[in-house]
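Heads up: the structure comes next, in structure tokens.
The values are calculated or read from the model by the stated rules, or taken from the named source; none is laboratory data. Bear in mind the structure is a predicted one, so any value in this text is a computation, not a measurement. Virtual Cβ from ideal backbone geometry, glycine too; neighbours counted across all protein chains shown. Accessible surface is based on the protein model in full, side chains and every heavy atom, while ligands, DNA and RNA are left aside. Shrake-Rupley method; radii C 1.70, N 1.55, O 1.52, S 1.80 Å.
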Amino acid sequence: MNDSRVLRADLLSFDADPGEDDTPAAGSVRHITDGALWIEDGRIRALDRFERLFPKLPEGIEVIDHRGKVITPGFIDSHVHYVQLEIMASYGRRLLDWLNDYTFPQECRFAVHEHARALSNAFLDEMLRVGTTTAQVFCSSHPVSVDAFFTACGQRDLRMLAGKVLMDRHAPDALCDDTHGGIRDTERLIGDWHGKGRLGYSLTPRFAPTSTRAQLDATGGLVRNDPSLWLQTHLAETTDELDWVAELFPGSRDYLEVYEQSGLVGPRSTFAHGIHLDQEMRGRLAARRANLAFCPSSNLFLGSGLFDRLAAREAGLAISYASDVGGGTDLSGLATLKAAYQVGQLRGQPLTAWQGFYGLTLGNARALSLDERIGRLATGMEADLVVLDPAATPLMARRTARSRSLAETLFAMMMLGDDRTVAETWAAGRRVHRRA
Ligand code: GUN
Ligand code: ZN
């Protein structure tokens, strides 16, 4: 027997980048009012207006009525640290102090399997509560933190990317790996997890200051051996970090070249932050089809700077949207869009709701090379979905009752929304969260 059901609601999905104008580019948005989404065996079987699809459905099929709500593809978070969940909102420091005072001591705890298992599940509960069904995730430097995380994701049949942090210097001993031991552990984890179910391995050198050249080069060797691997790291988040990298790598003309020289810049590479770059560096990233993860709530919280989204666009450089918890202050993709909008306001770069919702769904799926599987509502795509309630709170109900267009409703959700806006989250065709 097929596992089959229909969700009835407004359906919203993107087929292309809507552009920067208030009106989305022709053919970029599909909005079906009173739609029906037929899901079967973990995938989308069909979608259409309810009245058109209903006569074609098998008799007696379960219809879940979400009229008044909006279904979009599940949100994607391109950069987040599950091991930092419990140090979110730690007061008042810039990046390098914050790492030493809060982050590194916390990550030391993930050497213990039971702790890693408990926090993996707590993190996934929180992600699903805010409608995020896929993320690219930093674990800690302990292999057991990766085993625990992928096990928890597999049990829920989530599409997730993650990796063991590689760091062989400039951190507490309990966190540093051995240059080649870290690579051997990574190879073991790739063998156990990459391509297993919906899981993918992302090579994870933390950032240039915490890896020796030998470790970065060895990581580049893994990329060359297997181009199906993802890679995630940090780049040019703060000016102090830039100065430190210049000191540590005198043979590189800039921060990006440190990664280029080790062969770490490619179409499956995500560089978090990328605030302090010039246009020539953006061009080099674009030429290699890498992407920058825009982490607005983290950039504001740590005072790192205002990301120049339109400069990246001008360079033809893909960006993705990310929470960067625990530097980020919120796991919610809606909250990330709100912070991105605020950063944009300070830069004279307004972010439309079209661009924002495209970013969280198809845009991030494309940046992560996952767009053949997730990020759109279309036949054959994996059924990872979020059911959004524009009237989730009395205030939102008041606001959205006055909306004159879908764009206004989406924008109100992006500015006022949080976990309460997420009525349900579905992954691989199964409900994995329902708002209490
Ligand atoms: N740079 C190196 N490590 C980190 C981290 O854990 N968080 C952030 N925001 N930046 C980093
Ligand atoms: Zn980060």
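In the range 396-417, the residue that is most open to solvent (accessible area, probe 1.4 Å) out of those that are basic (Lys, Arg) and in a loop (DSSP other than H, G, I, E, B) is ARG404.
One line per residue, one yes/no per condition, for (1) hydrophobic (A, V, I, L, M, F, W, C); (2) within 19 Å of LEU362 (Cα to Cα); (3) in contact with a helix residue (DSSP H, G or I) (Cβ under 6 Å, 6 or more places away or on another chain):
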position: GLY19; (1), (2), (3): no, yes, no
position: ALA26; (1), (2), (3): yes, yes, no
position: VAL29; (1), (2), (3): yes, yes, no
position: THR33; (1), (2), (3): no, no, no
position: ARG43; (1), (2), (3): no, yes, no
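Checked across the range 387-395, the condition of being open to solvent by less than 10 Å² (accessible area, probe 1.4 Å) and under 16 Å from the mean Cα position of the chain (by Cα) holds for no residue. The residues on offer are ARG268, ARG288, and the sole one that is over 30 Å from THR421 (Cα atoms), under 15 Å from the mean Cα position of the chain (by Cα) and open to solvent by 30 Å² or more (accessible area, probe 1.4 Å) is ARG268.
Being in contact (Cβ under 8 Å) with a residue 40 or more places away in the chain, assigned to a helix (DSSP H, G or I) and out of contact with any Leu (no Cβ under 9 Å at 6 or more places or on another chain) holds for only one residue in ALA365, ALA293, ALA340, and it is ALA365. Touching a Pro at 6+ places or on another chain (Cβ under 9 Å), modelled with pLDDT of 95 or more and either more than 11 Å from ligand 1 (Cβ to nearest atom) or part of a loop (DSSP other than H, G, I, E, B) (or both) - does that describe any residue in the range 278-289? Within the range 278-289 (the criterion being touching a Pro at 6+ places or on another chain (Cβ under 9 Å), modelled with pLDDT of 95 or more and either more than 11 Å from ligand 1 (Cβ to nearest atom) or part of a loop (DSSP other than H, G, I, E, B) (or both)), the answer is yes, since at least one residue qualifies. If the condition is being closer than 17 Å to ASP330 by Cβ and touching a residue at least 60 places away in the same chain (Cβ under 8 Å), then the range 413-434 contributes MET413, MET414, MET415, GLY417, ASP418, ASP419, THR421, VAL422, THR425, HIS433.
Taking the numbered list (1) within 13 Å of ligand 1 (Cβ to nearest atom); (2) more than 18 Å from the chain's Cα centre (by Cα) in turn, VAL258 passes all entries but (1).
Restricting the range 239-269 to residues that are among the polar types (S, T, N, Q) and assigned to a loop (DSSP other than H, G, I, E, B), the residue that is nearest to ligand 2 (Cβ to nearest atom) is SER262. Of all residues in the range 126-180, those satisfying the criterion of being more than 19 Å from HIS113 (Cα to Cα), assigned to a helix (DSSP H, G or I) and not charged (D, E, K, R) are MET127, LEU128, THR179, HIS180. Selection of the range 242-256 for residues being open to solvent by less than 60 Å² (accessible area, probe 1.4 Å) and either among the acidic types (Asp, Glu) or more than 11 Å from ALA208 (Cβ to Cβ) (or both) yields only ASP254.
Those residues that are in contact with a Pro (Cβ under 9 Å, 6 or more places away or on another chain), more than 16 Å from ligand 1 (Cβ to nearest atom) and farther than 22 Å from ASN364 by Cα, I need them from the range 45-90; list them, please. Across the range 45-90, the qualifying residues are GLY68, LYS69.
Restricting the first member to the range 209-221 and to residues that are within 15 Å of GLU257 (Cα to Cα) and within 16 Å of ligand 2 (Cβ to nearest atom), and the second to residues that are outside any helix (DSSP H, G or I) and among the hydrophobic types (A, V, I, L, M, F, W, C), the beta-carbon pairs closer than 7 Å and six or more apart or on different chains are SER211/LEU166; SER211/MET167. Among the conditions (1) among the β-branched types (Val, Ile, Thr); (2) in contact with a helix residue (DSSP H, G or I) (Cβ under 7 Å, 6 or more places away or on another chain); (3) open to solvent by 30 Å² or more (accessible area, probe 1.4 Å), the only one that THR238 does not satisfy is (3). If I filter the range 45-85 down to residues being among the basic types (Lys, Arg) and in contact (Cβ under 8 Å) with a residue 40 or more places away in the chain, which single residue comes out as nearest to ligand 2 (Cβ to nearest atom)? Here the residue is LYS69. Scanning the range 168-178 turns up no residue that is under 20 Å from the mean Cα position of the chain (by Cα) and either more than 26 Å from ARG376 (Cβ to Cβ) or in contact (Cβ under 8 Å) with a residue 24 or more places away in the chain (or both).
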